[in-house]
Amino acid sequence: MATAKKAAATKKPAAKKPAAKKAAVKTPVAKKAPAKKVAAKKPAAKKVVAKKAPAKKVAAKKAPAKKVAVKTARKPNAAFMKPMTPSPALAAVIGANPMPRTDVTKKVWEYIKKNKLQDSVNKRNINADDKLKVVFGGKKTVSMFEMTKLISGHLK
């Protein structure tokens, strides 16, 4: 025993290790459940199916590139701008000078508003006076859509 004590006395005392930093506490991570095994299915009996002819491939059409709209002054339709000669009955309302259809309609509306011939209840109807009755073919009341049709019969 004496030799064991001598050996222990000759040993240098072990140096104390500094206290280790505490490791950060790790939160447990939820483990994914193992995937369920699916039993292999037996192949179904093969059905005899008539083969169809292969479909023809249609070439895909590319959409045309969109053009940026550039605002330009509208050109009036030549048919509307052609001067027309009014009949004598229509000339009593708008004048005898040749003028385009658009101007004829404007002049008739000016006459209607000046003489307050528009129906007060239904604004789409025009109550004709003596001059307009001749243009409207003897009708006392005419809708504004029918009016343009009747006026076009008085233009040449």
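Gain on full extension, evaluated as 0.36 nm per residue between residue 70 and residue 89 minus their Cα-Cα distance, stands at 2.4 nm.
With both labels modelled 7 Å from their Cα along Cα-to-Cβ, the residue 133 to residue 156 distance reads 2.6 nm.
Multiplying the residue separation of residue 122 and residue 141 by 0.36 nm and subtracting their alpha-carbon distance yields 5.7 nm. For the pair residue 82 and residue 102 in one chain, pulling the backbone fully straight at 0.36 nm per residue adds 6.2 nm over the alpha carbon distance.
The residues neighbouring residue 106, those whose beta-carbon lies less than 13 Å from its own, together hold a net charge of +2 under the Lys/Arg +1, Asp/Glu -1 convention.
None of the figures in this text is laboratory data; all of them are computed from the coordinates on show. The structure presented is a predicted model; accordingly, all values stated were derived computationally and were not measured. Every residue, glycine among them, receives a Cβ derived from its backbone with ideal geometry; neighbour counts consider all protein chains shown.
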